[in-house]
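The values are calculated or read from the model by the stated rules, or taken from the named source; none is laboratory data. As the structure is a computational prediction, the values presented were derived from the model and not from experiment. Cβ placement follows ideal geometry from the backbone for every residue including glycine, while neighbour counts extend to all protein chains displayed. For accessibility, only protein heavy atoms count, side chains too; no ligands or nucleic acids. Shrake-Rupley method; radii C 1.70, N 1.55, O 1.52, S 1.80 Å.
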Amino acid sequence: MDANINNTEVKKKTIFSGIQPSGNLTIGNYLGALKNWVGLQKDYNCLFCSVDMHSITVRQTPAELRRRSVETLALYMAAGIDPEENILFIQSHVPAHAELAWVLNCYTMFGELSRMTQFKEKSQRHSENINAGLFTYPALMAADILLYQTDLVPVGLDQKQHLELTRDIANRFNGVYGDTFTVPEPYIQKIGMKIMSLTEPEKKMSKSDLSGGSVGILDKRDDIVRKIKRAVTDSGSEVRYSEDKPGVSNLLTIYCAFTGKTIEEAEKEFDGQGYGTFKAAVAEVCADALGVLQDRYNEILKDKDYLNTMLKNNAERAAYLARKTLSKVYRKIGFYQPK
Ligand code: TRP
C-alpha cells in the first residue's frame with residue numbers, strides 16, 4: 001500500500017504553460033486560470049515560462065519587454081504560485097529552447113505552418129513584418145513543451161491548433177527515432193470558469209479590450225469600481241442566475257469566484273435588492289481582492305535581489321531538465337557528443 005502511494009507520488013504529471021509577457025492580464029485570466037493553478041501545484045510538477053522569445057516575433061519596445069518578462073512572473077507569484085514548488089522562469093534564460101526549436105523546425109512542414117490560423121491572422125495584422133520567426137513560432141512552442149516531457153498543457157481555444165501541431169511533431173519524431181518525447185494532452189480545467197465582458201456579456205473578457213469591458217488585475221481601485229458599476233445588466237431587477245440574464249449572471253460568477261459563496265447563497269443575499277446594491281457589492285469584493293493581490297505584487301517587485309536569485313535558480317532547474325531531453329535528441333539525430 002505504502003509503496004503504491006510512493007509510486008504515484010514519484011509519477012506526478014508535468015504541466016507546462018507559456019505566458020506572453022504582456023502586463024495587462026484581466027480578472028478573466030485570474031479567475032479562469034491563475035487562481036485555479038494555485039491548487040495544482042501540489043499534484044503536478046508545474047513549469048510556468050515567460051516566453052520572451054515568442055514575443056519578439058512582433059516588434060517590442062526593449063525596455064518594456066524586459067520589464068514585463070519579470071512582472072508577468074511576479075504576478076503569478078502574487079496569485080499564490082510558489083516559485084520553489086514550481087519552476088517559474090524566463091524562456092531566453094534556458095538556451096535549450098532555441099536549440100530544440102531549430103531541430104524541430106526540421107521536422108515541421110511548410111504546409112503545416114501555413115495552415116496555422118494565428119499565423120494567418122498575425123501576418124495580416126503585421127503585414128509590414130511577416131518574419132520567419134512569426135512563421136515558425138509553433139516549432140518554438142513545441143520545443144517549450146517537449147523539452148520537459150510535458151503531460152498536460154493548459155490551453156485556451158486560440159492555442160489548440162498549436163498544441164495539435166506539437167503532438168504531430170512529437171509523434172513524427174518518435175516514429176522515426178523511437179520514443180523520445182511524451183506526447184502532450186490539452187489540460188481542460190474541471191472548474192471551467194468563464195468570465196465574460198462587462199459591456200458585451202456574450203463575449204469573453206479579453207485583455208485587448210481596453211474599454212470598459214475588462215477589469216485588469218492591476219487596475220486601480222477607482223477604475224475597478226467604475227467599470228463594474230457601469231457593467232451591462234439585463235431588463236428586470238432581480239439578481240438571479242439565468243441564461244436570459246447574461247450580464248447579471250456574469251456578475252454573480254465574479255462575485256462567487258471572489259467570495260467562495262455559491263450562486264444560491266448569493267442570490268439569497270441579494271434577494272429583493274436592486275442591481276445598484278448588487279453591483280456595489282461585486283465591485284467591493286473584486287477591488288478588495290485585487291488590492292491584496294496588488295500589494296503582494298508590489299512587495300515582490302520591490303525585492304529585486306530575491307527575484308533575480310529566484311530567476312537564476314529556476315532557470316538552472318529548468319535547464320537541467322531541458323538538457324536531458326536535448327542530449328537525447330542530439331544523440332538520436334546523429335550529432336556527435338564528446339563524452
Ligand atoms: N503561444 C502561447 C500564447 O500565445 C504562448 C506559449 C508559448 C505557450 N509557448 C507555450 C503556451 C507552451 C503553452 C505552452 O498564448
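I'd like to know if the stretch 150-158 contains one or more residues that are touching a residue at least 40 places away in the same chain (Cβ under 8 Å), surrounded by fewer than 20 Cβ atoms within 10 Å (Cβ to Cβ), acidic (Asp, Glu) and within 12 Å of the ligand (Cβ to nearest atom). Yes, because at least one residue in the stretch 150-158 is touching a residue at least 40 places away in the same chain (Cβ under 8 Å), surrounded by fewer than 20 Cβ atoms within 10 Å (Cβ to Cβ), acidic (Asp, Glu) and within 12 Å of the ligand (Cβ to nearest atom). For the stretch 251-262, state whether one or more residues are among the aromatic types (Phe, Trp, Tyr), surrounded by 19 or more Cβ atoms within 10 Å (Cβ to Cβ), out of contact with any Gly (no Cβ under 8 Å at 6 or more places or on another chain) and not in a loop (DSSP other than H, G, I, E, B). Yes: the stretch 251-262 contains one or more residues that are among the aromatic types (Phe, Trp, Tyr), surrounded by 19 or more Cβ atoms within 10 Å (Cβ to Cβ), out of contact with any Gly (no Cβ under 8 Å at 6 or more places or on another chain) and not in a loop (DSSP other than H, G, I, E, B). Take the conditions in contact (Cβ under 8 Å) with a residue 24 or more places away in the chain, within 22 Å of Ala319 (Cα to Cα) and crowded, with 18+ Cβ neighbours inside 10 Å and apply them to Ile87. Does it pass? Against the criterion (in contact (Cβ under 8 Å) with a residue 24 or more places away in the chain, within 22 Å of Ala319 (Cα to Cα) and crowded, with 18+ Cβ neighbours inside 10 Å), Ile87 qualifies. Just to be sure before I move on: is Ala231 open to solvent by less than 60 Å² (accessible area, probe 1.4 Å), in a loop (DSSP other than H, G, I, E, B) and either in contact with a Ser or Thr (Cβ under 8 Å, 6 or more places away or on another chain) or without any contact (Cβ under 8 Å) to a residue 60 or more places away in the chain (or both) in the structure I sent? Taking the combined requirement at face value, the residue satisfies it.
Residues in the stretch 45-72 that are within 13 Å of the chain's Cα centre (by Cα) and at pLDDT 95 or above: Cys46, Leu47, Phe48, Cys49, Ser50, Val51. Being within 16 Å of the ligand (Cβ to nearest atom) and of a type in the set (Ser, Thr, Tyr) is the requirement here; does Ser123 meet it? Yes; evaluated as a whole, the condition is true for this residue.
Note on the stretch 160-202: residues that are hydrophobic (A, V, I, L, M, F, W, C) and either surrounded by fewer than 15 Cβ atoms within 10 Å (Cβ to Cβ) or more than 16 Å from the ligand (Cβ to nearest atom) (or both) total 8. What single numbered condition from (1) within 14 Å of the chain's Cα centre (by Cα); (2) away from the ligand (no atom under 14 Å from the Cβ); (3) modelled with pLDDT of 85 or more fails to hold for Asn36? Failing condition for Asn36: (3). When the strands (runs of 3 or more DSSP E) confined to the stretch 76-191 are screened for residues that are within 17 Å of the chain's Cα centre (by Cα) and among the hydrophobic types (A, V, I, L, M, F, W, C), those reaching at least 3 such residues are found at 87-90.
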